[in-house]
Amino acid sequence: MTLTIEKREVEPGVIVLEITGRIAPSRDSRKIEPEVEGAVAAGAKKIILDLSGVTHIDSTGIGVMASCFGKARQGGAELSITGAKESVFEVFQITRLVRVVAFYPDVDSALKGNGRLV
């Protein structure tokens with residue numbers, strides 16, 4: 001399944017990147033970081049990665065997510081992840097990235113800052 005990214009601004013300074021497909025070794029996975037960098041460069045203060053459409057993530061994908069977190073933080077933006085299916089969320093737990101990045105069940109919860117999963 002090809003990885004797709006849909007970007008939308010839900011509030012001024014708040015960008016949601018809806019990611020669909022597999023985040024695994026491929027050229028497609030390398031599209032995520034430039035989207036985060038672009039959002040930061042455009043002045044986003046909050047970036048939400050909506051993974052509700054992601055069916056698989058591996059160690060390469062975890063590296064991409066960690067890099068995105070670092071780029072957002074360097075640029076003064078907050079990054080959170082929403083909608084991770086159980087199998088995807090489990091990989092984040094195993095790698096302990098859940099201790100660094102805020103996870104929410106859905107975009108609305110992330111916007112309100114409540115319902116944090118970890």
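Read the figures in this text as sums done on the coordinates, not as results from a lab. Owing to the predicted nature of the structure, the values given are computational and were not obtained by experimental measurement. Don't worry about glycine lacking a Cβ; one is built from the backbone with ideal geometry, like all the others, and counts go over all protein chains shown.
For residue 93, the criteria (1) within 15 Å of residue 45 (Cβ to Cβ); (2) surrounded by 13 or more Cβ atoms within 10 Å (Cβ to Cβ); (3) over 12 Å from the mean Cα position of the chain (by Cα) hold in every case but one, which is (1). There is no residue in region 39-54 that is assigned to a helix (DSSP H, G or I), among the charged types (D, E, K, R) and either touching a residue at least 24 places away in the same chain (Cβ under 8 Å) or touching an Asp or Glu at 6+ places or on another chain (Cβ under 8 Å) (or both).
Screening residue 81 on (1) surrounded by fewer than 18 Cβ atoms within 10 Å (Cβ to Cβ); (2) closer than 25 Å to residue 42 by Cα; (3) not basic (Lys, Arg) shows it passes everything except condition (1). Tell me whether region 47-69 contains one or more residues that are among the aliphatic types (A, V, I, L, M) and more than 17 Å from residue 23 (Cα to Cα). Yes, the conditions are met somewhere in region 47-69. Residues being part of a strand (DSSP E or B), without any contact (Cβ under 8 Å) to a residue 60 or more places away in the chain and on the phi < 0 side of the Ramachandran plot are represented in region 57-66 by at least one member.
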